[in-house]
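Every number here is computed from the coordinates shown, using simple stated rules; none is lab data. Everything numeric in this text was worked out from a predicted model, so none of it was measured. Positions of Cβ are generated from backbone atoms using ideal geometry, with glycine treated the same way; all protein chains shown enter the neighbour counts.
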Amino acid sequence: MRRTNRHRAVLSLPSIRLEGGLFLPNQLEKAALGQAQHQTESDYRLPPGRGRKDEIGRAFQIAAAQWRQFEALLDRTDLDAGNSTEQFIIELLRHAFGYQQIARVSGVTVGERHYPVTALAGHLPVVIAPHRVALDEPRERFAVEGSGSRRKSAFQLAQECLNASQDHLWALVSNGRQIRLLRNAATLTRPSFLEIDLQDLLASQRYAEFTMAWRLLHASRADPDPDGSAPASAIWERWCEAGVEEGTRVREGLRVGVADALMTLGSGFLAHPGNQALRQALQDGTLDQHAYFQQLLCLIYRLIFLFSVEERGLLHPADDSPAARRAREAYAEGYAMARLRDRCLKRRARNRDDDLWQATRIVFKGLADGEPRLALPALGGLFALTQCPDLDGADLDNAHWLSALAALRWSCHGGNLAPVDYRNMAPEELGSVYESLLELVPELDLPRRAFGFVGGEANGEWRIVNGGVSASSPFTTDHSPFAAFPTRKTLYLELRSDQHNQIHRKQRQAAQQACDAAQVFHWQLRFPQVFARGGFDCVLGNPPWEVSQMGEEEFFSARAPLIAALAGDERKRAILALETDDPPLWSKYVRVSQQVAASNAFFRHLADLNGRRPASSIPIRYLRI
């Protein structure tokens, strides 16, 4: 029997917040509950005879008393807020969390730059901001000397110090009200940290949550060896590595899950007795198997988008009116994908009814046009009615729908089920999942009403590049209309407020539709948040050793394999015969050929400007100079 590792409510507690991929949520929850590795009394360096419960109880009493003293100073204007906060945090870390070696320092110098951190606890830098300053609020006191920047936030200071120093891997940042744990990060595109709300935890006397915070932040987690050990040996680092390993297994499982979900949905729609129109369209060629596959992919992308924004609490517009609250409650109770996460594992729920799919269709339509009764914004794009019209109008029973959701929401490894962490899934991770589809070619068996995949190489039509924004040149994208979905999802998460401006949204949609029709990559439209700040400082990529030309064999390999297998003049004659034998395929071939020719004309113009015009086909690398 498979064991199910469901998420507990630890990360939904008001005083604990995990942002980014610092830890895998499952790993963090185990540690918070004392169920992870390296959590015995000896691991916490407790003397013989003193149990963890006794030590945590003593630490809580100390921390509560220290908070009461600090709280009395919060409204005092005659005191230096910085000094009082530093004293509180240093004493709290020393006496409640076991950082006996913590001491104030003038900063950390790395090369020609000086990082004004407040204190060091062994290898652990500690940055302390005044209690009136938010952790992400830039101030001159946190500026890095030698960086040219006049203002940094406390969090930025700590992160940049870790990224620059080889001697420090983890750091703590606090303003007395909150405390954050962070690690050296290879990317700054999305902050990653664990935050504990000290004010909420201590002022509200939340002993159970303090217990979790103690288990997570105790000094033994930073330096297992009391004499000082290398940062790489920190328990946090071991938890992080264990999370990475488990996350890799989950993502590998998700790759399989995506393919399983596609086959389940593809067969489920074909098998439903109410979908005669869909079967007829596939039978007479009005809808070919490749278009059917693209609509299934669109459905998968919609689900992944919903999983992500629901788990991050970013689906609904910011509106705290009574009507909006009722709408959000109605969505959560009757329409949210989250309500099906555990239900999809229950066999008795997999029946022949179709109420769950019908509820999801309402959500899709609401996200296409807006639905105030469910607090759904009008997003269009992925949810537009034109994206997968044959599936939006089709029926699907609960058995197939819940089976597909189970394949997407849960990963099985070694007989254990673990939930997929969509909340912290990065675009490049999502792109890597879909790279697994590169070798899959869709296959329909209408008599058996089955959908699946056969072996063989997929052509460029189905290529989805890692990260969703890569392409063979800066002016072209993958032919799949969903190739840039990971980046579009990220833009929504970061720029949801843009969609509250209806005029701006419609203008951007019109421009994006024009770009999609022309198959061009418009940097300002794809990265508006970057260009709002003046654009990229640097664009770095591998030189593409390819040429821009119409590949007939690639084009026909999945659409007409017999033509792709021909060579030379024989293939040319077969292609010309399509004008009468298969007009839709002929029209698509002509359209793609014209697009390639138009792109090449533009590329030659750019190559002329660079003084490197080639004789025939155009090496794409010329266009990046």
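Some points to look at:
- Close amide H pairs (under 5 Å, H built 1.01 Å from N) link W410 with V420, residues at least 5 positions away or on another chain.
- Count Lys and Arg as plus one, Asp and Glu as minus one, and take only other residues whose Cβ is under 14 Å from that of W67; the net charge is then -2.
- For the stretch 365-413: relative contact order, % (alpha-carbon pairs under 8 angstrom, 6 or more apart): 23 percent
- Packing-based ranking of 283-290, 86-93, 554-561 yields 86-93, 554-561, 283-290, ordered from highest to lowest mean Cβ neighbour count within 10 Å.
- For the pair S204 and R352, the difference between a 0.36 nm per residue extended length and the Cα-Cα distance amounts to 48.4 nm.
- Cα centroid separation - the stretch 277-343 against the stretch 149-184, whole Å: 38 Å
- The length gained by stretching the chain between D569 and F527 to full extension, at 0.36 nm per residue less their Cα-Cα distance, is 10.7 nm.
- Built amide H within the under 5 Å cut-off of I16, gap 5+: D197
- Protection proxy ranking of 133-143, 14-24 - average other beta-carbon atoms within 10 Å, highest first: 14-24, 133-143
- Long-range amide H partners of A450 with built H, under 5 Å: D445
- The separation of the stretch 369-408 from the stretch 64-136, counted between C-alpha centres, amounts to 50 Å.
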